[in-house]
Amino acid sequence: MPAFSLEPEQQAWCTELRTLAAERLRPVAEKGEPGRVDRALLAELGRSGLLERLFASGALDLCLMRESLAHGCTEAETALALQGLGAHPVHAHGTPAQRARWLPAVADGSAVAAFALSERAAGSDAAALTLRADPDPGAAGGAGRGWRLTGEKCWISNAPEADFYTVFARTTPGAGSRGITAFLVPAGRPGLTGSALEMLSPHPIGALAFDGVPVTADDVLGETDRGFRVAMGTLNLFRPSVGAFAVGMAQAALEATLAHTARRDAFGGKLSDLPTVAHQVAEMALRTEAARLMVYAAATAYDAGAPGVPRRAAMAKLLATETAQYVVDTAVQLHGARALRRGHLLEHLYREVRAPRIYEGASEVQRGIIAKELYAETPPPTGEAP
């Protein structure tokens, strides 16, 4: 399929998702408590079949879901995305027992998943994480092999209310990214506690403390000391869809601005009659469409197993999140003070749009990934520089 075009059935599905977001999910989300996991919203997403589709879809379908839901209900988009992010390592690397225990409950919205990678001193530099997995010779399960997790995680979405966590811990000291293991840790494990963090956006985010939390080989996702691959594989899938989330917000802001400037009286005519305003709106539309196309291209490359996926994913996330920040900010400027009033769509989007430029790799990290991949793809010089 060409990266720049959607099939008619895909376009129709996006229209259905927008309607679902506006008519079914938005009313549920409005009853939720900001900063808390909305289990009623998750249950509604489960009934809609979208959570189950997380595990049957490719990257492009994931992007279409996130973009379409974000257009009408950012809370529903985020709830769906966090379920996918936390549970994808179980889907992709879990044992049959792990998958059977957790994935059906994630799909129907009855179990809340979380992806626990970031730490206070290891956010953008994920390979520098310090949560320790110390050997536990007395472990009973997992063929007699076990560990005790000691340390902290921070900025974890859905914490501390999640039912299980995909936790990344250091099993081999001094080995960098090669000494990290991914563990599936149920919330009820002894020694695991957490606290909520109050953030700019209304998402559930918290910190986790591990005080000798027991895990065994039965809890490992993938292979011991190969957890960094689990983390990066998950992020390569979800980074383009973070861009899709951003595109959905940008599109909502653009449409609100078109409507507002076309009806707002100003200087003897409509606001849209002013060339400076019309040109700003055109720029908003141009950047939004360019970001959308890059997101679709990155997702299509992922689904096709094409080369350069990390670079494409980083480009898509970078361009789309920076674009959404620009578009929403410009929309607020063109709306004036009314856009700053609590409860206005743009006031909501203004708080929502800032975080995606940081999480799952800040914009600076994405530029680093792009540069690293470009130089890796460049043949070494064969002679003297001119």
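The values are calculated or read from the model by the stated rules, or taken from the named source; none is laboratory data. Keep in mind the model is a prediction, meaning the values are calculated, not measured. Here the Cβ is made from the backbone with ideal geometry for all residues, glycine too, and neighbour counts use every protein chain on show.
Of all residues in the range 73-101, those being out of contact with any strand residue (DSSP E or B) (no Cβ under 7 Å at 6 or more places or on another chain), in a helix (DSSP H, G or I) and surrounded by 22 or more Cβ atoms within 10 Å (Cβ to Cβ) number 10. The residues of the range 152-196 that are surrounded by fewer than 16 Cβ atoms within 10 Å (Cβ to Cβ) and of a type in the set (A, V, I, L, M, F, W, C), listed by number, are ALA175, ALA196.
Taken over the range 233-265, residues that are under 30 Å from PRO307 (Cα atoms), over 10 Å from the mean Cα position of the chain (by Cα) and either surrounded by fewer than 24 Cβ atoms within 10 Å (Cβ to Cβ) or not assigned by TED's automatic domain parsing to the domain that holds THR321 (or both) amount to 3. The single condition among (1) modelled with pLDDT of 95 or more; (2) under 27 Å from ARG357 (Cβ atoms); (3) of a type in the set (Ser, Thr, Tyr); (4) surrounded by fewer than 19 Cβ atoms within 10 Å (Cβ to Cβ) that SER124 does not satisfy is (1). Among the residues of the range 175-204, the ones that are in a strand (DSSP E or B), out of contact with any helix residue (DSSP H, G or I) (no Cβ under 7 Å at 6 or more places or on another chain) and of a type outside the set (Gly, Ala, Ser) come to 3 in all.
Can we say ALA306 is among the hydrophobic types (A, V, I, L, M, F, W, C) and closer than 24 Å to ASN236 by Cβ?
Here the answer is yes, as ALA306 does meet what is asked.
The selection criterion, being in a helix (DSSP H, G or I), hydrophobic (A, V, I, L, M, F, W, C) and either in the same structural domain as LEU197 (by TED's automatic domain parsing) or in contact (Cβ under 8 Å) with a residue 24 or more places away in the chain (or both), holds for ALA70. Give me the residue from the range 153-189 that is of a type in the set (Lys, Arg) and farther than 10 Å from ALA116 by Cα and, out of that set, farthest from the chain's Cα centre (by Cα). Here the residue is ARG189.
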